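Below is one structure; the comments refer to it alone.
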Amino acid sequence: MFKKPTTCVGIDVGGTKILGVLNNGISQDIISEHKLPTPKDDPDAVVPQILKVLELLMADAEELGHPVSAVGVGVPGLVDHSGVLRYGPNVPGVLNLEIASIIRQRFGLPAIAENDGTLAALLEHRLGAASGHDNALVITQGTGIGAGLIMNGQIVRGANGFAGEPGHALIDPEGPMCACQQVGCWEALSSGAGLANIAKLLVEEGKALAIVELAGGDSAAIRGEHVAQAFEAGDSDAAEVFDRFATWVAVGISNWCALLDPSVVVLGGGLASISQHFIEKVEQRVPDRLLGAQYRPAVKVVPAKFSYESGALGAALRAKELFKTR
Ligand SMILES: [Zn+2]
């Protein structure tokens, strides 16, 4: 008899929202999805909110006649080899989160948790913009920066599982404060928060008035979305913010290329999807800082195939790969 496809849930715990998807195991298609806000000020409410998303998806799966067979969860930050989120600066107050084990105990389902950037990299490597590349760096620019490394065709995790956090490498000792409470991280200049920080620097120069207006007249309230809105409306100061932003993104990428020598760098997340022009600008500027750029093949910088769903779909794919034989 024809065996029903394996249905997996993937959940991505982000800095602002928790997104869950249901994947039927045949393709990359999402057959159902649910999204709830990440409780910002109440760390104890994060686990119940994740479980609520899971319950909604399990109800959908029952209704569709494909019960859930495994669960994958993507979490931002330092996730150890046993799937425990030790620390995540973009989910304040959440420490030592054992979400996979909670799901196993509560629902009796196989479950894994993994760094969200690693899952996005896995997805792009298996089915997306990094497929066919044995050495790839996948960067997701959202509230913070997520990243995943594929080297020699394998995910790189490091001694503790904590490899692949370029967002918190120092890039400007005089730079803005990062969510991790250190000054000058790459993330503080190259994520959504980075876009806002660069706009605030322009405000200090007496510029970016349209962006301040979009932020309700308060420059301290500027977020990446305000810069993107002003840019889309044709504001020249917003274009300047993006120009400086592209340089910082390129400086970071040239550093990681000096260290890792990937054949492709994939940029994902909300920012990369804004324009092909931005990606091209980054690609053009990477060689400016890269050792022996004129003597090595150009580093390709390409947009991710997947967007908002990459962490969640990557989590479902990982669960499917890990538990397929059980
Ligand atoms: Zn940092």
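Assorted remarks:
- Mean-square fluctuations from a GNM of the chain, with a 10 angstrom spring cutoff on Cα atoms, peak among GLY194, GLY234, GLY14 at GLY234.
- Rolling a 1.4 Å probe over the protein heavy atoms gives the chain an accessible area of 45 Å² per residue.
- Extension reserve of the LEU259-ASP80 stretch, reckoned as 0.36 nm per residue once the Cα distance is removed: 62.2 nm
- With the simple model of a label 7 Å out from the Cα in the direction of the Cβ, SER219 to GLU174 spans 1.7 nm.
- Listed residue (PRO39, GLN141, GLY20) projecting farthest to the positive dipole end of the chain, Cβ model: GLY20
- The longest part of the chain holding none of the exposed loop GluC sites (Glu not before Pro), meaning those outside H, G, I, E and B in DSSP with at most 11 other Cβ atoms within 10 Å, is 1-173.
- Unit charges on C-beta of K, R, D, E only; dipole of region 131-303, Debye: 540
- Distance between modelled label sites at ARG126 and GLN276, nm, 7 Å Cα→Cβ extension: 2.9
- Using C-alpha pairs under 8 Å with a sequence gap of at least 6, the mean separation divided by the residue count of the chain gives a relative contact order of 19 percent.
- Remark on region 131-303: ratio of C-alpha radius of gyration to 2.2 N^0.38 Å is 1.04.
- With N counted as the residues of region 57-136, its alpha-carbon radius of gyration over 2.2 N^0.38 Å works out to 1.28.
- Were the residues from ASN152 through SER236 laid out at 0.36 nm apart, the gain over their Cα-Cα distance would be 26.0 nm.
- Computed about the Cα centre, the dipole magnitude for the chain is approximately 1180 debye when only Lys and Arg (+1) and Asp and Glu (-1) carry charge, each at its Cβ.
- Among ARG157, ARG296, ARG223, residue whose mean-square fluctuation peaks in a GNM of the chain (springs only between Cα atoms under 10 Å): ARG296
- Rolling a 1.4 Å probe over the protein heavy atoms of the chain, with every protein chain left in place, gives an accessible area that is 52 percent carbon and sulfur.
- Straight-line cross-link partners of LYS200 among the lysines, defined as a Cα under 28 Å from its Cα and at least 8 positions apart when in the same chain: LYS17, LYS40, LYS281.
- Positive-pole candidate from GLY252, LEU317, SER307, dipole of region 242-326, charges at beta carbon: LEU317
- Charge dipole magnitude, Cβ of K and R +1, D and E -1 - region 236-325, Cα centre, debye nearest 20: 400
- For region 248-326, the alpha-carbon radius of gyration amounts to 1.35 times the rule-of-thumb value 2.2 N^0.38 Å expected for a compact globular protein.
- Taking only the alpha carbons of the chain, we obtain Rg and Dmax values of 19.8, 71 Å in that order.
The values are calculated or read from the model by the stated rules, or taken from the named source; none is laboratory data. As the structure is a prediction and not an experimental result, all values here were calculated from the model. Note: ideal-geometry Cβ built from the backbone for every residue, glycine included; neighbour counts use all protein chains shown. Only protein heavy atoms, including side chains, enter the accessible area calculation; ligands, DNA and RNA are left aside. Shrake-Rupley method; radii C 1.70, N 1.55, O 1.52, S 1.80 Å.
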